[in-house]
1. Take the residues of the stretch 42-81 that are aromatic (Phe, Trp, Tyr) and under 15 Å from the mean Cα position of the chain (by Cα): which is nearest to residue 162 (Cα to Cα)?
2. Which ranges mark the helices (runs of 4 or more DSSP H) fully within the stretch 87-197 that have 3 or more residues being of a type in the set (A, V, I, L, M, F, W, C) and touching a Leu at 6+ places or on another chain (Cβ under 6 Å)?
3. Just checking, which of 150, 190 is more than 28 Å from residue 14 (Cα to Cα) and either touching a strand residue (DSSP E or B) at 6+ places or on another chain (Cβ under 7 Å) or of a type in the set (Asp, Glu) (or both)?
4. Checking residue 164 against (1) surrounded by 15 or more Cβ atoms within 10 Å (Cβ to Cβ); (2) more than 21 Å from residue 89 (Cα to Cα); (3) not aromatic (Phe, Trp, Tyr): exactly one of these is not met. Which one?
5. Specify the residue that is farthest from residue 14 (Cα to Cα); the eligible residues are those in the stretch 102-137 that are open to solvent by less than 30 Å² (accessible area, probe 1.4 Å) and over 20 Å from the mean Cα position of the chain (by Cα).
6. Among the residues in the stretch 195-211, are any surrounded by 14 or more Cβ atoms within 10 Å (Cβ to Cβ) and within 30 Å of residue 36 (Cα to Cα)?
7. List the pairs whose first member sits in the stretch 1-18 and is within 21 Å of residue 148 (Cα to Cα), whose second member is open to solvent by less than 60 Å² (accessible area, probe 1.4 Å) and outside any helix (DSSP H, G or I), and whose Cβ atoms are under 6 Å apart, counting only residues at least 6 apart or on separate chains?
8. Pick from the stretch 47-94 the residues that are over 18 Å from residue 28 (Cβ atoms), surrounded by fewer than 17 Cβ atoms within 10 Å (Cβ to Cβ) and of a type in the set (Gly, Ala, Ser): which of them is modelled with the highest pLDDT?
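The values are calculated or read from the model by the stated rules, or taken from the named source; none is laboratory data. What you are looking at is a predicted structure, and each value in this text was computed from that prediction instead of being measured. Note: ideal-geometry Cβ built from the backbone for every residue, glycine included; neighbour counts use all protein chains shown. Protein only, heavy atoms only, side chains kept; ligands, DNA and RNA dropped before computing areas. Shrake-Rupley method; radii C 1.70, N 1.55, O 1.52, S 1.80 Å.
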Amino acid sequence: MNKLDNLKTYLRGLGKVAVAFSGGVDSTFLLAVAHDTCDSVLALTAASCFVPRRESDFAKNFCADNGIKQIIFEADILKVEGVKENPANRCYLCKRALFENFLRIAEYNDCVLVEGSNTDDAKDYRPGAKALAELKIKSPLVAADLSKAEIRELSRKMNLPTADKPSMACLASRFVYGEPLTAERLATVEAAEDFLLNAGFTQLRVRVHGTLARLEVLPEDFPRLMTLRNSIVDKLKSLGFSYVTLDLQGYRVGSMNEELKLS
C-alpha cells in the first residue's frame, strides 16, 4: 500500500473530519484527499491580520469551487495574552488559541479535527507543534509519512492549484522576536510582499528589523530584483521603511529562527 492509500485509510477511520484549512500546499492537499475519501468533510479557516487577504480569498474560493462546506471565523490573535509582544514562543501562543477554537467548532459539528503538518516540519523550530501535541490534534500527513516534496508531487497528479504554490507562513514570522506586533505593521508587510508578488517574484519574504526591510528572494531572482531596485525602494519607503536591503543568502525557511539557534 502506498502513502496516499495509507492516508486515505487513516482518514476513513476518523469518520467525519474537520480540516484546519489555510489554503497552503499541505492543508489544501489534505482537504482535497479528505473530500474525496470521507463521507463528511468540513473546512475550518481562521481570518486574522496574521493571514494575507490573498490567502483567505484563495481558501474561500477553493471551497466554493469544490463544493466543500467551510466555516470562516474571525480570530483576533493580537488579543491573545503575550502574542503582541512577539516572544520566541509566539507561534505556540497563537497556535494554541487558534486550535482551541478549531476544536470547539469541530466538536460542535461532531467532527474529528485534523491539520496539515508534514514530516519536514520537524526540521525547523516550530513551537506551535507543542500546542498541537497538547491538544491531541491529529496530523494525517505525518501519520502517512508524507514529506513536502511528496505532497507537491501528489498535488500535481491531482491537478491541485497549490502543487507549485510558494511556501507560506503567517505575517508575524516576518518580525524579529521581541519586536512588538500591531495590525498596522502586519498590514505594511502584507502590502510590501503584495507589491513584490505583483512584480513577478514568487518565493519571497520581507523581514522586518525596526525600520529596516530585509528582502529574501530566490538567488536566481537577484539580477531581476536589481533591475527593479529603484521602484522597490520607492514603494517600501512609501510604506514607512527607512532602509531596504537584500539578504545575500536569499530566501530560506525560518530565517528569523537563526538568531535563536546562535543564542
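1. Let us first name the residues in the stretch 42-81 that are aromatic (Phe, Trp, Tyr), namely 50, 58, 62, 73.
Then keep just the ones that are under 15 Å from the mean Cα position of the chain (by Cα); that gives 50, 58.
Values: 50: 20, 58: 10 Å.
It comes out as 58.
2. Per the criteria, 90-108.
3. Among 150, 190, only 190 is more than 28 Å from residue 14 (Cα to Cα) and either touching a strand residue (DSSP E or B) at 6+ places or on another chain (Cβ under 7 Å) or of a type in the set (Asp, Glu) (or both).
4. Among (1) surrounded by 15 or more Cβ atoms within 10 Å (Cβ to Cβ); (2) more than 21 Å from residue 89 (Cα to Cα); (3) not aromatic (Phe, Trp, Tyr), the lone unmet condition for residue 164 is (1).
5. 106
6. Yes, because at least one residue in the stretch 195-211 is surrounded by 14 or more Cβ atoms within 10 Å (Cβ to Cβ) and within 30 Å of residue 36 (Cα to Cα).
7. Pairs found: 3/144; 3/146; 6/144; 7/144; 11/38.
8. Restricting to residues being over 18 Å from residue 28 (Cβ atoms), surrounded by fewer than 17 Cβ atoms within 10 Å (Cβ to Cβ) and of a type in the set (Gly, Ala, Ser), the top hit is 82.
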